[in-house]
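Q: My questions will all concern the structure given below.
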Amino acid sequence: MTEPKKPLKKPRGKACLLEGKCIACGARCQSACPVDAIEMNEAGEPIIDVEKCIGCVKCVKVCPVQAIEMFFTPEEQKILDEIMKQGEAHVPEVDEEAAALAKTLAAYKGVWVFVEQTEGEPAKVSWELLGKGKELARALDVELAAIVIGENVEHLCREAFAHGAEKAYLIDAPVFRYYRTQAYLKAVSHLVDTYKPEVILMGATGLGRDLAGAVATVVGTGLTADCTGLAIDDKRNLMQTRPAFGGNIMATIMCDKFRPQMATVRPHVMPMPERIEGASGEIVRESCPVAEEDILVKVLEIISDRKKDQVDVAGADFIVSGGRGLMGKENFAMLQDLADELGGVVGASRSAVDAGWMPQERQVGQTGKTVRPKIYIACGISGAIQHLVGMQDSDVVIAINRDKDAPIFEVATYGIVGDLFRIIPAITKRLQELKQQKVRG
């Protein structure tokens, strides 16, 4: 009597990176590897130690762009072929951990936008985020909701509807009149625990950054700060794009094992949605038991930091920015003359600010202001990615630089190669002449 033939054991193989497919998503494969077989290079790509690899496939599963696959030796491939011939193809076991995770994530639905306000005055970034939130909600096939917290702020719910929200969660009480981290944290956490949103967006302002970090810590989820792009992948994950490695690359980060997925976005990064007059939605009134005596911080006085003579670079329609090519502080007067003719303001690159030629509040870029003017004129700015992040969404970009290979020309609508000390005064003079002709006419 012959013994039954033992089934062949399926080989596990080794993980292998596919060249050119990695998007530097933030070392997700490295964190998933149970045997520390993956290190990351300076470009954010994995280096796989095949000697350590045990073929567990966890890095393959976690990769959002399928940049890692399993590699089999010719001998292992023969065994796989034999298994297929014998009709004993491997039936994947039920992954209980993955099934439990999927069930947990499925309980979260909806896209929320936190409406930031100061004494009833909303921050415009909230409406910008509602525009992007509507796109995300449509991709996820869920509703878009606004979070409104404060005292006597119900009017902001109606304004949120006008900018695309379908629902507004309102917590209105005297204890929330002024922003204090402790009170607002309890309110937002209460809403999250009760309604379980899938995505929460906040403005990357001083208030938004403070609140978002606190909420993410308490609810136990991830947070990506200062995002410049947001999208949804085929697994309902929020793809959060932001500058990384000092602004030298753009990284896409995802929080695939925790909910809600949270991101902050700077003002003027997302376009302002069209306001729909008379739009309506559902207001869900909630209460959160927060007693004034339990709040450690007390607001004694509010001092506005909005100086009458302070220039709002982020809100300007016309910006004339100068960089290292201006050669000195005194030469920014030339840019001011041009800005005056256009009815705009003067901005600066980080190098110009670091040199002390312009104040920090005029800085445009990753570590400065994000702008979306109608016309952005870059004078003597090379165009490092840190600067491009802050101005690349301008309607029209005019670049003036003597270096024809400067990166700024890659994003410019119009480029002028030449001496800015001759070109800028010539443009200013021509504008003055056109204005005089119009007056005479």
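The values are calculated or read from the model by the stated rules, or taken from the named source; none is laboratory data. Being a predicted model, the structure only gives us computed values, none of them experimental. Glycine also receives a Cβ, built like all others from the backbone with ideal geometry; neighbour counts cover every protein chain displayed. SASA here: full protein model, heavy atoms, side chains in, ligands and nucleic acids out. Shrake-Rupley method; radii C 1.70, N 1.55, O 1.52, S 1.80 Å.
Q: Can you find a residue that is in a strand (DSSP E or B), open to solvent by 40 Å² or more (accessible area, probe 1.4 Å) and either in contact (Cβ under 8 Å) with a residue 24 or more places away in the chain or of a type in the set (D, E, K, R) (or both) anywhere in the range 207-223?
A: Within the range 207-223 (the criterion being in a strand (DSSP E or B), open to solvent by 40 Å² or more (accessible area, probe 1.4 Å) and either in contact (Cβ under 8 Å) with a residue 24 or more places away in the chain or of a type in the set (D, E, K, R) (or both)), the answer is yes, since at least one residue qualifies.
Q: Which condition from (1) surrounded by fewer than 19 Cβ atoms within 10 Å (Cβ to Cβ); (2) out of contact with any strand residue (DSSP E or B) (no Cβ under 8 Å at 6 or more places or on another chain); (3) at pLDDT 85 or above is the one that Ile283 breaks?
A: Result: Ile283 passes all but (2).
Q: Now, a different point. Answer with yes or no whether Val320 is open to solvent by less than 70 Å² (accessible area, probe 1.4 Å), hydrophobic (A, V, I, L, M, F, W, C), closer than 26 Å to Glu119 by Cβ and not in a loop (DSSP other than H, G, I, E, B).
A: Values: open to solvent by less than 70 Å² (accessible area, probe 1.4 Å): yes; hydrophobic (A, V, I, L, M, F, W, C): yes; closer than 26 Å to Glu119 by Cβ: no; not in a loop (DSSP other than H, G, I, E, B): yes.
It is false that Val320 is open to solvent by less than 70 Å² (accessible area, probe 1.4 Å), hydrophobic (A, V, I, L, M, F, W, C), closer than 26 Å to Glu119 by Cβ and not in a loop (DSSP other than H, G, I, E, B).
Q: Something else about it: Examine the range 184-196 for a residue that is of a type in the set (Val, Ile, Thr), more than 28 Å from Ala106 (Cα to Cα) and in contact with an Asp or Glu (Cβ under 9 Å, 6 or more places away or on another chain), and state whether such a residue exists. First the steps, then the outcome.
A: Here is the first cut: in the range 184-196, the ones of a type in the set (Val, Ile, Thr) are 188, 192, 194.
From the residues that got through so far, the ones that are more than 28 Å from Ala106 (Cα to Cα) too are none.
No, that holds for no residue.
Q: Please go through (1) closer than 17 Å to Lys257 by Cα; (2) within 20 Å of the chain's Cα centre (by Cα) for Val192 and return the number of the only condition it doesn't satisfy.
A: Just one mismatch for Val192, condition (2).
Q: If I ask for residues that are without any contact (Cβ under 8 Å) to a residue 60 or more places away in the chain, among the hydrophobic types (A, V, I, L, M, F, W, C) and not in a strand (DSSP E or B), which ones from the range 393-441 would you list?
A: Hits for the range 393-441 are Ala406, Ile408, Phe409, Val411, Ala412, Ile423, Ala426, Leu434, Val439.
Q: Go through Ile303, Ile295 for me and flag whichever is open to solvent by 70 Å² or more (accessible area, probe 1.4 Å) and out of contact with any Gly (no Cβ under 8 Å at 6 or more places or on another chain). Break it down into steps so the answer makes sense when it comes.
A: Details: Ile295 fails: open to solvent by 70 Å² or more (accessible area, probe 1.4 Å).
Criteria check complete, one pass: Ile303.
Q: Tell me whether the range 334-356 contains one or more residues that are assigned to a strand (DSSP E or B), open to solvent by 20 Å² or more (accessible area, probe 1.4 Å), touching a Leu at 6+ places or on another chain (Cβ under 8 Å) and within 17 Å of Ile423 (Cβ to Cβ).
A: Within the range 334-356, the first condition is being assigned to a strand (DSSP E or B), and the residues that meet it are 345-348.
Of the ones still in play, those that are also open to solvent by 20 Å² or more (accessible area, probe 1.4 Å) are 345.
The next check asks that each one be touching a Leu at 6+ places or on another chain (Cβ under 8 Å); those that pass are none.
Within the range 334-356, not a single residue is assigned to a strand (DSSP E or B), open to solvent by 20 Å² or more (accessible area, probe 1.4 Å), touching a Leu at 6+ places or on another chain (Cβ under 8 Å) and within 17 Å of Ile423 (Cβ to Cβ).
Q: Which pairs do you get when a residue that is within 20 Å of Glu282 (Cβ to Cβ) and open to solvent by 50 Å² or more (accessible area, probe 1.4 Å), found in the range 156-182, comes within reach of a residue that is modelled with pLDDT of 95 or more and in a loop (DSSP other than H, G, I, E, B), reach meaning Cβ atoms under 9 angstrom, with the pair 6+ apart or on two chains?
A: Glu166/Glu143
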